[in-house]
Structures are given as structure tokens and as C-alpha cells.
Amino acid sequence: MNKLAVIGAGYVGLVTGICLASCGHEVTCMDIDECKIDQLKAGRLPLFEPGLQELHDTNTATGRLSFTTNPEKAVQHAEGVFIAVGTPPRKDGGADLSYIHNAIQSIAPFLQKDSVIIMKSTVPVGTHADVKKLLDRTAGHPVRLVSNPEFLREGSAVNDFFYSDRIVIGSNDPSPASFVEQLYHSIPSPVIHTDPQTAEMIKYSSNAFLAAKISFINEMAALCEAEGADISMVAAGMGMDKRIGEHFLKAGIGYGGSCFPKDTTALLYSAAQQNITVPLLSSIHEVNRRQPRVFIKKVLDRFGSIEGKKAAVLGLTFKPNTDDLRRSPSREIINLLVEEGAMVTGYDPVVSVSGKRVWQIPLAQTMEEALTGADLAVICTEWKEIIDFPLHCYPLYMKEANIFDGRNCYPVSQARGLPLFYSSVGRPVYKGI
Ligand code: UDX
Ligand code: UDX
């Protein structure tokens, strides 16, 4: 059991901190956002993540988990300090490291001499060396730093922590590396020990490759539409080849979230800095950037103009099982619909009930409310609540059941015989009206 601190109580920091406490460590999560810390101290999570609230409650009850805005209090007794602050994209596409620098400067004076700093935030390759210099300078003594990238997916982050495919530890010094390895002693995952820049590169390459699979299947989906093939079957057939793998071959309106978009552009930026041409990486980003507009073209092909049409947008988050709207493709879809003159109402199982105002559009509390009197429905997130809403119910509420499914939530066969128009991604269109 070790005394640990986590700097940055966002998605990655909170999941990491709370799950490490569940492994038996004593964890203090620190964040500069006082509201967030007050909420956490009051026992409420500032985000929606399945299974996390229960772990939070258990570990605060045992005293293994605490929260503070005070950097000294957070790190003064810590043997290990995780850095999990944001690394948002800059305008030029590079990763903004100012939060990392702020966090380092705020904790460095209070660090124990032999504590280990553990970088969880996604940082460009080569950041380790710069952060090490900053740490040694601001702490006034050599500080041990290890790269330990995260691979958590929102919506399944707790499971991903306890059953991760691998734990990556990047260090030039075996001693802090083995300290970090033993923190995960109760996690049955293989451990990769390597140098820091390789660890940083494993993170970026993994995200870029997953993004590549998505852009590839979306490109194949366009071909399927032209050839009359079915992308879902194509993906199933491809995925049976173990060299390809079945995961991340779901065609749709493109990838979003706080990681893939910013990590692919940050990698593009790093390549440009090194004068390395990366045409594949550029195409991954380009295919994804175009995908919402490719999808909206189906709507315009159906209606010609949607000026004054009532559109229900179903699913606002970038994926199901999270309340995260960051870089959500649904926002681009909504902007394009509004640009074309449609009157948009949004529905999302989590966001609608959160009381949040989202993107200046009215939010319906139920599917039925969103669909009532609508001329078209556009599905953007494959929430269970949406998948479980039978296709034959759409005509019961809509003025005319024109359904554009950006996440292939329903088998096309389910539309047969129904008075509706059903268009999706990479699959045959069903015209029942
Ligand atoms: C972040 C990064 O975006 C991602 O690249 C990285 O891999 C992991 O951490 P996420 O946890 O989703 O991802 O970020 P976010 O939810 O924005 O949380 C960051 C937290 O750090 C916020 O709560 C913010 O208030 C806090 N923060 C930021 C600090 O505590 N100190 C700072 O100086 C800056
Ligand atoms: C991702 C990585 O999966 C995770 O390892 C990393 O740590 C952080 O970034 P996350 O952004 O939470 O996780 O979501 P993910 O499940 O990867 O989905 C990202 C986007 O891709 C979503 O918008 C999702 O809808 C889309 N997606 C995913 C597809 O369009 N098709 C797929 O087959 C899979």
C-alpha cells in the first residue's frame, strides 16, 4: 500500500485515483477547480462513468480516498504523484502543455525527495525530457519521472482500468519503473517496460491506429453505398481475420471525444515539426473531418431543402454511456442541419436530464417528445435507449418518418413493411414512404 496523489480530477485523473484506491492505496486527488473538489467532497461525481460512484463511495468511507485543491496537502506525503491534467489542442494542432507546466510548478516545492512523478496525461513524444528539466529546476533537486500513458475508454473506464490490455511504463531508470509497476500489483495485465519516448509513442500510435480503423471503415461504407453492399457484413467478414480484429470497425458519422481528434492532430503537428510526411495520418483526419457532411448529404438528397423542417437529433454525446460532449460529431451534424434551415430538437438519455443547456438547441426529455411532429430524425449516438426504441414506433410520433441513422442502430430488415424511410451508413436504404 502506497501514499499517492493524482493531480487533475478529470476523466482520467478521477478514474485512475479512485481505482488505485480500490487497489488498496491511499489516494489524494487534487484539482484547481474548487467546484469540482467541493462536489467530490460532498460525495457527488462531476461526471457520468458507470461503476465509478460506487467505488468512490467505498473508498471515501474507508478513508483511502480524499480530495483537495491544495497542492502541498496533496503531495507532501506522496510516494507517487500522477499527473492527469488536460493537454488540449492548440490552434496550430499541437498539444497545449501549459496545464502540465502549471501543475508541475504548483507541486514541485512540496515533493518528497524520493517521490516518483508519473505522467498519465497524453503528451507529445519528447515531452518527458522537458518536464524532467522543469521538475528538477522547480523542485531544486533531481526528481524521478516515469511515463505511464492511459488507455481508458469513457463509458467503460473502470473496467478498462482493472482489465487493461497492457500497462506501459516508460523510464530511463529501472528503480522508479519498478515502483510504478508494483502500484498495479493487483491488476492482471502484461507490463511493457521501455524508454519514455517510446512509451509516449505507443499512446499516440495506438489512438491513431484505432482512428485509422474507423476512417477506413467509413471510407469503405461510402463504397458499399455505391456498390449496393452492406458495410456491417463487410466489417464482420473482415473482423474474422485475426490479423484485422473485429473491434473498431463500426461505420458511422465519425469519431469524436477528448482523445482521437486531438491526438491525431497532435501527431500530425509533431510529424510536421520533424519534417516527416505522414500522408496516411493526414487522410485519417481528413476522412473523419468530412464524415458529418457526407452524412448530411443523405438528408439533402432526400428532401432537397430542409428549410423550416422539424429535425429530431437523437444522441448528443460523442459515444454512449458517457455525458461527455467534447468534440462530439453530433454537434457538427446539428450545425449543418441548422445551417440548412432546419429547426432542431435534441434528445440524449443523460444530457437531456442533466439540465445542461447544450448548443442553443431545445432538449426533449424523452424520445417520444423529440419525435413528436418531426419531419426527420437523425441518430448520432448508439445509446441503448435509442437502440431499444422500436423502429415501428417512429411513425406513431413523427409527421413523416424519415430516419437517418448515423450509428447503424437497427438492422435494415427491421424496417421492412413499415411506413418509413430508413437511411444509414454503408447499408441499403429502405423506402417505405
Ligand atoms: C486529460 C487529457 O485531456 C488527456 O489528453 C490526457 O490523456 C488525460 O487527461 P481528461 O481527464 O479527459 O483528459 O481531461 P479533463 O477531464 O479536462 O481533466 C483535466 C482536469 O485537470 C480538470 O479537472 C482540470 O480542472 C484539472 N487541472 C487542469 C488542474 O487540476 N490543474 C491544472 O493546472 C489544469
Ligand atoms: C479513446 C481510446 O479508445 C482510449 O484507449 C483512449 O485512452 C482514449 O481515447 P474514448 O475517446 O473514450 O477512448 O472512446 P472510444 O470508445 O475509443 O470512441 C472514440 C470515438 O470513436 C467515438 O466517437 C466513437 O463513437 C467512435 N467509434 C468507435 C466509431 O465511430 N466506430 C468504432 O468502431 C469505434
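Summed over region 314-337, residues that are more than 15 Å from Tyr11 (Cα to Cα), among the β-branched types (Val, Ile, Thr) and either within 14 Å of ligand 1 (Cβ to nearest atom) or in contact (Cβ under 8 Å) with a residue 60 or more places away in the chain (or both) total 1.
Being within 16 Å of ligand 2 (Cβ to nearest atom) and aliphatic (A, V, I, L, M) holds for only one residue in Leu111, Leu20, Leu14, Leu40, and it is Leu14. How about region 150-184: which of its residues are over 21 Å from Val27 (Cα atoms) and touching an Asp or Glu at 6+ places or on another chain (Cβ under 7 Å)? Hits for region 150-184 are Arg153, Glu154, Gly170, Asn172.
Restricting attention to region 89-102, does a residue exist that is on the phi > 0 side of the Ramachandran plot, more than 11 Å from ligand 1 (Cβ to nearest atom) and either touching a Gly at 6+ places or on another chain (Cβ under 8 Å) or free of Cβ contacts under 8 Å to residues at least 60 places away in the same chain (or both)? No: zero hits. Inspect all residues belonging to region 53-63 and state whether any of them is within 16 Å of ligand 2 (Cβ to nearest atom) and within 22 Å of Phe151 (Cβ to Cβ). No.
Note on region 405-426: residues that are at positive phi and surrounded by 21 or more Cβ atoms within 10 Å (Cβ to Cβ) amount to 2.
Of the numbered criteria (1) crowded, with 23+ Cβ neighbours inside 10 Å; (2) within 22 Å of Arg144 (Cα to Cα), the one Cys19 fails is (2).
Here Lys356 meets the list (1) closer than 17 Å to Lys310 by Cα; (2) at pLDDT below 95; (3) basic (Lys, Arg) almost entirely, failing just condition (1).
Only one of the numbered conditions (1) away from ligand 1 (no atom under 16 Å from the Cβ); (2) closer than 21 Å to Asp324 by Cβ; (3) out of contact with any Phe, Trp or Tyr (no Cβ under 8 Å at 6 or more places or on another chain) is not met by Ile214, and that is (3). Checked against the criterion of being within 12 Å of ligand 1 (Cβ to nearest atom), out of contact with any Cys (no Cβ under 9 Å at 6 or more places or on another chain), of a type in the set (Gly, Ala, Ser) and within 27 Å of Asp263 (Cβ to Cβ), the candidates Gly51, Gly86, Gly80 yield just one match: Gly86. Across region 304-323, the number of residues qualifying as of a type outside the set (Lys, Arg), more than 19 Å from Gln291 (Cβ to Cβ) and either within 15 Å of ligand 2 (Cβ to nearest atom) or not in a loop (DSSP other than H, G, I, E, B) (or both) comes to 4. If you go through region 23-35 and pick out every residue that is over 18 Å from Asn102 (Cα atoms) and either free of Cβ contacts under 8 Å to residues at least 40 places away in the same chain or within 10 Å of ligand 1 (Cβ to nearest atom) (or both), you end up with 3. Of the residues making up region 238-268, those that are surrounded by fewer than 23 Cβ atoms within 10 Å (Cβ to Cβ) and either of a type in the set (Asp, Glu) or within 17 Å of Val425 (Cβ to Cβ) (or both) are Met238, Gly239, Asp241, Glu246, Phe248, Leu249, Lys250.
Right, Ile214: modelled with pLDDT of 95 or more and within 12 Å of ligand 2 (Cβ to nearest atom) or not? In short, yes. For region 403-410, the criterion of a residue being outside any strand (DSSP E or B), among the charged types (D, E, K, R) and touching a strand residue (DSSP E or B) at 6+ places or on another chain (Cβ under 6 Å) is satisfied by at least one position. Please work out if Glu79 is among the acidic types (Asp, Glu), surrounded by fewer than 20 Cβ atoms within 10 Å (Cβ to Cβ) and under 28 Å from Leu135 (Cα atoms). Yes; evaluated as a whole, the condition is true for this residue. For region 257-275, filtering for residues that are assigned to a helix (DSSP H, G or I), within 16 Å of ligand 1 (Cβ to nearest atom) and not charged (D, E, K, R) leaves 9.
Let's see how each residue does on (1) acidic (Asp, Glu); (2) buried (at least 20 other Cβ atoms within 10 Å of the Cβ):
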{"residue": "Gly304", "(1), (2)": "no, no"}
{"residue": "Glu307", "(1), (2)": "yes, no"}
{"residue": "Ala311", "(1), (2)": "no, yes"}
{"residue": "Gly315", "(1), (2)": "no, yes"}
{"residue": "Asp323", "(1), (2)": "yes, no"}
{"residue": "Pro329", "(1), (2)": "no, yes"}
{"residue": "Glu332", "(1), (2)": "yes, yes"}
{"residue": "Glu340", "(1), (2)": "yes, no"}
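The values are calculated or read from the model by the stated rules, or taken from the named source; none is laboratory data. Here the structure is a predicted model, which is why all the values come from computation and not from measurement. Every residue, glycine among them, receives a Cβ derived from its backbone with ideal geometry; neighbour counts consider all protein chains shown.
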